[in-house]
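Written below as structure tokens is the structure these notes are about.
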Amino acid sequence: MAKFNENFLELKESYLFSEVAKRVSAFQQKEPDRSVIRLGIGDVTLPLGKTVVQAMHSAADEMGKAESFRGYGPEQGYDFLREAVVGHYRSFGVELDTDEIFVSDGAKSDTGNITDLFSKDNTVMIPNPVYPVYVDTNTMNGRNIVFINGTAENDFLPMPDKSIHADIIYICSPNNPTGACYNREQLREWVDYALENDAVILFDSAYECFISDSGLPHSIYEIEGAEKCAVEFCSLSKTAGFTGTRCGYTVVPKAIKSVSGDGRAMSLNKMWNRRQCTKFNGVPYIVQRAAAAVFSEAGMAEAKAMIAHYMENAKIIADTMNDLGIRYTGGINSPYIWFECPFGMDSWQFFDFLLEKAGVVGTPGAGFGENGDKWFRLTAFNNKENTIEAMKRFRSVLQ
Ligand code: PLP
């Protein structure tokens, strides 16, 4: 009989968004005349930019003509897109080689798939709270996980504890769900810790485009030495509304060395290339043309306009927290506002309270780790009118 992977028995039930949907639908059935405003999901609401859509149209036309039709493309992505990504990194002062960039269908797949490269015997350090994919994928592999605590005391930016050794470290900055973003000095400490411990940092920068503070790093490679210890994952999902179109990119520097159990040096870049060539057949040509258009001058201007729209909503939410004296992080360099549940409620109690009293849907912090039990996430992914109305209702039920 086929023996299944028993590590799956260790996974916690992932019921966050299904439970949210269930409670919202029950509320709507009970009170069909009440309007519900959703500030819960982490999905974009604005359509793709004009430049991106035009690029998709022309690529589709190319696919329909014998002389420009394309079949299988390079597993690592077309050079035109890898070069555009290199250009994007250059705008932060980071120099990369084209063959350090791997195009994929998004950061979720890559942050999960990268676990293929590491032995089961590694200790993995993961912040709590954080995007749940890191915990679940390592649990599926049966790795030992140590959590580092994000709390109000450290502004949800846990720092390395030198008394604990880790081999693999996940960092998400700006963070989902807390919106907190590491500064240069803090990332310097993480890079130093990784180099001292011969560890690899898996740096998720999916929200880098929301960083508005010019002093904050967009990429871990802005920190010297990171090219020897960090892999970086990024995505066009939030940068340019690609959540449904699907395109991301992962940077695996050639300078990172890993070792086999018997001490032989291995290149992580070569391993990832081998992994992708074996298990992945690339992102559709049409999507890669659309992605390259994001990095054009016009495409970037459109992406920035979308981000500015969301950040206006984030400010409306953050201003409300300030006025009501509620402790929160995020909202400045991130589309997420993470706040302490009022009245000492836990996050599911507050979810029900906000839905019942205000008809506003958010995300209970408990879904991102135990440290989120008394915290709550609202997102800027909606239109301005709804955000203003949601915050008007929020004030009225909390004042
Ligand atoms: N990383 C983080 C921190 C996220 O919050 C998300 C999506 O919400 C992703 C990665 C997934 O991105 P993608 O759509 O590129 O798979």
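The values are calculated or read from the model by the stated rules, or taken from the named source; none is laboratory data. All values derive from a computational prediction rather than experimental measurement. So basically every Cβ, Gly included, is an ideal-geometry build from the backbone, and we count neighbours across all protein chains shown. These accessible areas exclude ligands, DNA and RNA; they are computed on the full protein's heavy atoms, side chains included. Shrake-Rupley method; radii C 1.70, N 1.55, O 1.52, S 1.80 Å.
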Quiz prompt | In segment 209-226, residue nearest to the ligand (Cβ to nearest atom) [restricted to those that are surrounded by fewer than 20 Cβ atoms within 10 Å (Cβ to Cβ) and within 20 Å of Gly87 (Cβ to Cβ)] | solution = Glu222
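Residues that are crowded, with 17+ Cβ neighbours inside 10 Å and over 23 Å from Arg34 (Cβ atoms): does segment 354-366 have at least one?
Looking for residues that are crowded, with 17+ Cβ neighbours inside 10 Å and over 23 Å from Arg34 (Cβ atoms), one finds at least one in segment 354-366, hence yes.
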Quiz prompt | Those residues of segment 99-117 which are open to solvent by less than 20 Å² (accessible area, probe 1.4 Å) and either within 17 Å of Ile171 (Cβ to Cβ) or part of a strand (DSSP E or B) (or both), in sequence order | solution = Ile101, Phe102, Val103, Ser104, Ala107, Asp110, Thr111, Gly112, Ile114, Thr115
Practice problem: Scan segment 171-199 and report the pairs whose first residue is in a loop (DSSP other than H, G, I, E, B) and whose second residue is among the basic types (Lys, Arg) and open to solvent by less than 10 Å² (accessible area, probe 1.4 Å), with Cβ atoms within less than 7 Å and a gap of 6+ or a chain change. | Solution: Pro177/Arg377
Practice problem: Test each condition in (1) outside any strand (DSSP E or B); (2) within 14 Å of the chain's Cα centre (by Cα) for Leu202 and report the one that comes out false. | Solution: (1)
Quiz item: Within segment 260-268, can one find any residue that is away from the ligand (no atom under 16 Å from the Cβ) and open to solvent by less than 10 Å² (accessible area, probe 1.4 Å)?
Solution: yes
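Conditions tested, residue by residue: (1) modelled with pLDDT of 95 or more; (2) not in a loop (DSSP other than H, G, I, E, B).
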residue: Phe8; (1), (2): no, yes
residue: Lys12; (1), (2): no, no
residue: Phe17; (1), (2): no, yes
residue: Asp43; (1), (2): no, no
residue: Leu48; (1), (2): yes, no
residue: Ala59; (1), (2): yes, yes
residue: Arg70; (1), (2): yes, no
residue: Pro74; (1), (2): yes, no
Exercise. Under 7 Å between Cβ atoms, at least 6 apart or on separate chains: pull out the pairs that start in segment 113-124 with a residue that is touching a residue at least 12 places away in the same chain (Cβ under 8 Å) and among the β-branched types (Val, Ile, Thr) and end on any residue that is in a loop (DSSP other than H, G, I, E, B) and surrounded by 15 or more Cβ atoms within 10 Å (Cβ to Cβ).
Key: Thr115/Asn141; Thr123/Ala166; Thr123/Asp167; Val124/Arg143; Val124/Ala166
Exercise. Of the conditions (1) in a loop (DSSP other than H, G, I, E, B); (2) open to solvent by 90 Å² or more (accessible area, probe 1.4 Å), Phe92 clears all except one; give me its number.
Key: (2)
Quiz prompt | Qualifying residue in segment 229-241 (condition: basic (Lys, Arg) and surrounded by fewer than 23 Cβ atoms within 10 Å (Cβ to Cβ)) | solution = no
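In the set Lys50, Lys65, Lys108, which member is in contact (Cβ under 8 Å) with a residue 24 or more places away in the chain, over 29 Å from Glu224 (Cβ atoms) and more than 16 Å from the ligand (Cβ to nearest atom)?
Lys50
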